[in-house]
Amino acid sequence: MKKEIKVFAPASVTNVSCGFDVLGFAIDWPGDEVILRIKEKPGVKISKITGDGGRLPLDSSRNTAGVSLMSFVEHLGFNKGVEIEIHKKMALGSGLGSSAASAVASVFALNEMLDSPLSRKELLPFALEGEKLTCGGTPHADNVSACLMGGFIIVRSVSPLDVINIKTPANLFCTILHPHIEINTADTRKILRKQVLLSEAVKQWANVAGLVAGLTSGDYELIGRSLHDGIVEPVRSILIPGFDDIKEAAIKAGALGCSISGSGPSIFAFSTSRKIAEKAGTEMKKILTGIEIAGDIYISKINKVGPRVIK
Ligand code: HSE
């Protein structure tokens, strides 16, 4: 058995406009890295957290990666110890699935170290234990599923867990603007309406169906027409300075559509080429700079690999 393993797990864009808690996909960069070592003394120990994770607890029982690993270790009946270092390469509260990436990286690393006794799908419930910690109660499984499975996923059901990977067209590019402000997912879930009108729901599920059909058939126009969220985006976008202008700038630059990534503040846009995706990014960032907020731009295709061993 190897003494240590280093794993990268990608960030993810979830909801994808109309698919609140249901749709998501992995991107190439950013992501989190975890180094895992097997120790003689039983237990799960977090020895170090670097990057924006400086504020996260080292206590395994209060850390998403720690909790996920503890549940996996218990399931395996693994009688040795596990030590991890978490290197956060993305900001907390960015809307890019930061906590999910660390949890996925940890669980995936141990599974790889033990020669993959479980499939990726079988690892999902353990990685999800971490999300339970951050949101309490029934977790949303979109970030964890997209990160662990890679590609574009549909969470058809959380309990029992039913996650489906769907095909996406080859020239679908994603631009992500990450404004440097922090938004707490649990807070933005609390402000959402608990009830919607049937007429609003009909529009929403029509768009989800259109989006999935557009993705699987490679119909870019249909993808663009379906990127509308009349339920969650109007509420959450209020918390993102300049959101409406940023969205307009992305679409003017040629993007198919634009919405919030996860619970924000990151904003994503889909385009049909890297050139348009880059132009959209430049125009989106101009708006942010104009209101004196710093931000990063990431351009990525849909990451079909998910977590991977890097050493
Ligand atoms: N689907 C979740 C939400 C993702 O929108 O609250 C959180 O990143």
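The values are calculated or read from the model by the stated rules, or taken from the named source; none is laboratory data. Since this is a predicted model, take the numbers as computed values, not measurements. Note that each Cβ is placed from the backbone with ideal geometry, even for glycine, and that neighbours are counted across all protein chains shown. These area figures cover heavy atoms from the full protein model, side chains too; ligands, DNA and RNA do not enter into them. Shrake-Rupley method; radii C 1.70, N 1.55, O 1.52, S 1.80 Å.
Put simply, of Gly81, Gly43, Gly77 the only residue that is among the small types (Gly, Ala, Ser), more than 30 Å from Val196 (Cβ to Cβ) and free of Cβ contacts under 8 Å to residues at least 24 places away in the same chain is Gly77.
With a requirement of 1 or more residues that are away from the ligand (no atom under 16 Å from the Cβ), the helices (runs of 4 or more DSSP H) lying completely within region 213-260 that satisfy it span 220-226, 243-252. The condition of being touching a residue at least 12 places away in the same chain (Cβ under 8 Å), within 21 Å of the chain's Cα centre (by Cα) and farther than 21 Å from Ser94 by Cα holds for only one of Ile35, Ile49, that being Ile35. Just so you know, in region 80-96 the residues that are closer than 18 Å to Ala109 by Cβ and part of a loop (DSSP other than H, G, I, E, B) include one that is farthest from the ligand (Cβ to nearest atom), and it is Lys80. Please work out which residue is nearest to Phe20 (Cα to Cα), limiting yourself to region 159-182 and to residues that are among the β-branched types (Val, Ile, Thr) and surrounded by 20 or more Cβ atoms within 10 Å (Cβ to Cβ). By that ranking, first place goes to Val163.
Within region 228-250, the residues that satisfy the criterion of being in contact (Cβ under 8 Å) with a residue 24 or more places away in the chain and more than 16 Å from Gly95 (Cβ to Cβ) are His228, Gly230, Ile231, Asp245, Ala249.
Evaluation of Ser116 against the conditions (1) open to solvent by 10 Å² or more (accessible area, probe 1.4 Å); (2) on the phi < 0 side of the Ramachandran plot shows that the sole unmet condition is (2).
Going by what's in this entry, would Gly257 be described as over 22 Å from the mean Cα position of the chain (by Cα) and open to solvent by less than 50 Å² (accessible area, probe 1.4 Å)? No, not satisfied. Would you be able to say whether some residue in region 14-24 is polar (S, T, N, Q), more than 15 Å from the chain's Cα centre (by Cα) and farther than 16 Å from Leu148 by Cβ? No, that holds for no residue. Within region 21-74, restricting attention to residues that are assigned to a helix (DSSP H, G or I) and among the polar types (S, T, N, Q), the residue that is most open to solvent (accessible area, probe 1.4 Å) is Ser61.
The sole residue among Ala109, Ala127 that is at pLDDT 95 or above and within 16 Å of the ligand (Cβ to nearest atom) is Ala127.
Residue selection: Lys167 satisfies the criterion of being closer than 26 Å to Lys247 by Cα and either over 15 Å from the mean Cα position of the chain (by Cα) or not β-branched (Val, Ile, Thr) (or both). With respect to (1) under 24 Å from Pro179 (Cβ atoms); (2) away from the ligand (no atom under 14 Å from the Cβ), the lone exception for Asn143 is condition (2). In the set Thr188, Thr134, Thr175, only one residue is more than 16 Å from the ligand (Cβ to nearest atom), closer than 19 Å to Ser266 by Cβ, touching a residue at least 60 places away in the same chain (Cβ under 8 Å) and not in a loop (DSSP other than H, G, I, E, B); that residue is Thr175.
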